[in-house]
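Enquirer: Take this structure, written in structure tokens, and hold onto it; I'll ask about it next.
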Amino acid sequence: MFAGRLHRQRGVNVLLTAWREVHRRFPEASLAVVRVGPEADALRSPARSGGPSGHTVTFSRHSTRASDALAAADVVVLPPRWEGLSLVLLEAMAARACIVATDVDGAGEAPGSGTTLVAPGEVKGLADAAIGRLADAEGRAAAGRAARTAAVTEFDVRETRDRVRRLYVRMLRAGR
């Protein structure tokens, strides 16, 4: 599953190309692409969505309950070329999703999340990581648990607020 804005930055075209290999290995698998954006029409074309197996890729405008969709996915794939800390990454972590993401700024901000990181733009790396996760149900479950734990402990809004407050206090004391 992919959730996010359909734009070159998000690397969905890389995912769709990688999907051909994933689908070859797991013919029963399907890819859900949730959201819209400036490249939606071009990405929906059969040539971009896997050629003959394009029917295994579905596009939807939005999900009323993103957390339900993320939790239901076997693997959430986030292939951006560049990005800060992705809200979808945090939502997927909170939903106990097994995540494959590109190693861009922000993705590494999720320590202990169980996220598999691959180089941006690497079709083979993305396909191999997704295939590896799909082949390992126990590993997916463990990654989902690790993701949830990291989301709760590292990204809890109260903890984040307290960290920022402590930082400001240290900065103010250092400036005296």
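Enquirer: Sorted from largest down, what three extents in whole angstroms do the Cα atoms of region 72-176 have along their principal axes?
Expert: In descending order, the Cα extents are 56, 26, 16 Å.
Enquirer: Taking a ≥ b ≥ c as the square roots of the Cα gyration tensor eigenvalues, with a/c under 1.5 meaning rounded and otherwise prolate when a/b beats b/c, else oblate, which class fits region 116-176?
Expert: Numbers: a/c = 6.20, a/b = 2.25, b/c = 2.75.
Here region 116-176 falls in the oblate category.
Enquirer: Here is a further query. Among the GluC sites (Glu not before Pro) within region 112-176, which fall in a DSSP loop and have no more than 15 other Cβ atoms within 10 Å of their own Cβ?
Expert: The qualifying sites: there are none.
Enquirer: Starting at the first residue of region 153-166, write each ³J(HN,Hα) from the Karplus equation 6.51 cos²θ - 1.76 cosθ + 1.60 with θ = phi - 60°, in whole Hz, x for Gly and Pro.
Expert: 8, 8, 10, 4, 4, 5, 5, 4, 4, 5, 5, 5, 4, 4
Enquirer: How much length is gained if the chain between Thr58 and Asp156 is pulled fully straight, taking 0.36 nm per residue apart and subtracting their Cα-Cα distance, in nm to one decimal?
Expert: Details: separation 98, 0.36 × 98 = 35.28 nm, distance 3.26 nm.
The span from Thr58 to Asp156 would gain 32.0 nm if fully extended.
Enquirer: Separation of region 89-106 and region 1-36 by C-alpha centroid, Å?
Expert: 15 Å
Enquirer: Something else about it: Rank these by accessible area, largest first, 1.4 Å probe: Thr56, Thr149, Thr160. Intermediate values should be presented prior to the final figure.
Expert: Values: Thr56 10, Thr149 85, Thr160 55 Å².
Descending order: Thr149, Thr160, Thr56.
Enquirer: Between Phe26 and Met171, 0.36 nm times their residue separation minus their Cα-Cα distance comes to what? Before the final figure, lay out the partial values.
Expert: Details: separation 145, 0.36 × 145 = 52.20 nm, distance 5.30 nm.
Gain on stretching Phe26 to Met171: 46.9 nm.
Enquirer: Got a sec to turn the phi values of region 65-77 into Karplus ³J(HN,Hα) couplings, 6.51 cos²θ - 1.76 cosθ + 1.60 with θ = phi - 60°, whole Hz, x for Gly and Pro?
Expert: 10, 4, 4, 5, 5, 5, 5, 7, 6, 5, 9, 9, 10
Enquirer: Accessible area per residue, 1.4 Å probe, Å², for region 60-176: what's the number? Provide the component values of the computation, followed by the final result.
Expert: On the way: 6700 Å² over 117 residues.
Accessible area per residue: 57 Å².
Enquirer: From the phi of every residue in region 136-146, what ³J(HN,Hα) in whole Hz does the Karplus formula 6.51 cos²θ - 1.76 cosθ + 1.60 yield, where θ is phi - 60° and glycine or proline is x?
Expert: 10, 4, 5, x, 4, 5, 5, 5, x, 5, 5
Enquirer: Also: Non-local amide H neighbours of Val33 (under 5 Å, H modeled in plane, Pro and chain starts lacking H): which ones?
Expert: Those qualifying (amide H under 5 Å, at least 5 residues apart or on another chain) are Phe2, Thr58, Phe59, Ser60.
The values are calculated or read from the model by the stated rules, or taken from the named source; none is laboratory data. Predicted model only: the values in this text are computed from it and were never measured. Don't worry about glycine lacking a Cβ; one is built from the backbone with ideal geometry, like all the others, and counts go over all protein chains shown. Just the protein is used for accessible areas: all its heavy atoms, side chains included, with ligands, DNA and RNA removed. Shrake-Rupley method; radii C 1.70, N 1.55, O 1.52, S 1.80 Å.
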